[in-house]
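J.: Sharing a structure with you now.
The values are calculated or read from the model by the stated rules, or taken from the named source; none is laboratory data. This structure is a prediction, so every number in the text was calculated from the model and none was measured. Every residue, glycine as well, gets a Cβ built from its backbone with ideal geometry; the counts of neighbours run over all protein chains shown. The protein model used for the area step is the full one, side chains on, heavy atoms only, and it has no ligands, DNA or RNA in it. Shrake-Rupley method; radii C 1.70, N 1.55, O 1.52, S 1.80 Å.
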Amino acid sequence: MIDIKNDVKEVLYSEEVISKRVKELGAAISKDYEGKDLLVVGVLKGSIVFTADLIKGITIPCELDFMAVSSYGKASESSGIVRILKDLDNDIEGKHILIVEDIVDTGTTLSYLLKYLKARKAESIEIVALLNKEARRKSNVTVKYSGFDVPDEFIVGYGIDYAEKYRNLPFIGSLKREIYEK
């Protein structure tokens with residue numbers, strides 16, 4: 001059972017701070033993609049809350065699709081092996097793709113995903129990430145739109161999980177080490 005008081009070490013970003021930043025990202029994306037054929041691609045499951053809030057702040061026409069990609073399973077460390085669990089429903093040829101990620105950590109999953117999507121002849125592919133964890137980066141991926149930089153800690157909340165739990169927290173916090181090192 002989730003016990004916020006005992007499991008979350010620290011609240012890093014409140015619901016209000018996240019909301020303000022997501023609206024700013026939506027405005028920047030709207031400006032940059034004005035007049036372009038934009039396809040927003042949420043990476044499931046972690047980005048679902050961020051994607052839903054982000055598209056509400058995008059004021060230009062856009063399409064929405066989802067992919068499910070995994071390199072973690074139920075572990076707290078990436079396995080380094082990327083699997084596509086759900087592919088896009090839409091053809092992306094000639095479209096401007098905006099990949100929506102909850103958190104960019106090692107970059108392994110995104111690096112794989114970028115190569116995979118580039119082969120499908122999109123006009124452009126960019127990344128928006130709510131959280132950027134540069135300290136753990138292993139792959140060279142460029143995040144065009146970034147919400148917040150986070151420390152090298154295990155992050156949960158606002159769609160981000162540990163073992164499928166904590167996604168429903170309205171804030172972003174760091175999880176106590178003893179929770180994920182059991």
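J.: Can you list residue pairs whose Cβ atoms sit under 9 Å apart, with the first residue in region 29-42 being on the phi < 0 side of the Ramachandran plot and the second being assigned to a helix (DSSP H, G or I) and open to solvent by 60 Å² or more (accessible area, probe 1.4 Å)? Count only pairs 6 or more apart in sequence or on different chains.
T.: 42/48
J.: Also: Mind listing whichever residues of region 139-150 are without any contact (Cβ under 8 Å) to a residue 60 or more places away in the chain and within 22 Å of residue 19 (Cα to Cα)? I'd like the intermediate steps shown before the answer.
T.: Restricting attention to region 139-150, the residues satisfying the condition of being without any contact (Cβ under 8 Å) to a residue 60 or more places away in the chain are 139-144, 146, 149.
Hits for region 139-150 are 143, 144, 146, 149.
J.: Starting from region 50-65, take each residue that is closer than 14 Å to residue 28 by Cα and among the basic types (Lys, Arg) and list its partners that are surrounded by fewer than 16 Cβ atoms within 10 Å (Cβ to Cβ) and at pLDDT 95 or above, counting only C-beta distances under 9 angstrom and pairs at least six apart or across chains.
T.: Listed pairs, sorted by first residue: 56/23.
J.: Of all residues in region 139-174, which are open to solvent by less than 40 Å² (accessible area, probe 1.4 Å), assigned to a loop (DSSP other than H, G, I, E, B) and of a type in the set (Val, Ile, Thr)?
T.: Of everything in region 139-174, those that are open to solvent by less than 40 Å² (accessible area, probe 1.4 Å), assigned to a loop (DSSP other than H, G, I, E, B) and of a type in the set (Val, Ile, Thr) turn out to be 141, 143, 150.
J.: Given the criterion open to solvent by 50 Å² or more (accessible area, probe 1.4 Å) and closer than 22 Å to residue 21 by Cβ, identify the matching residue among 136, 177, 120. Before you say what the answer is, go through the steps one by one.
T.: Details: 177 fails: closer than 22 Å to residue 21 by Cβ; 120 fails: closer than 22 Å to residue 21 by Cβ.
It is 136.
J.: Could I ask something else about it? Going through region 15-50 one residue at a time, which ones are open to solvent by 10 Å² or more (accessible area, probe 1.4 Å) and of a type in the set (Val, Ile, Thr)?
T.: Scanning region 15-50 gives 17, 48, 49.
J.: Moving to a separate point now. Just give me the residues in region 88-110 being over 21 Å from residue 54 (Cα atoms) and surrounded by fewer than 17 Cβ atoms within 10 Å (Cβ to Cβ), in sequence order.
T.: Selection gives 91, 93, 94.
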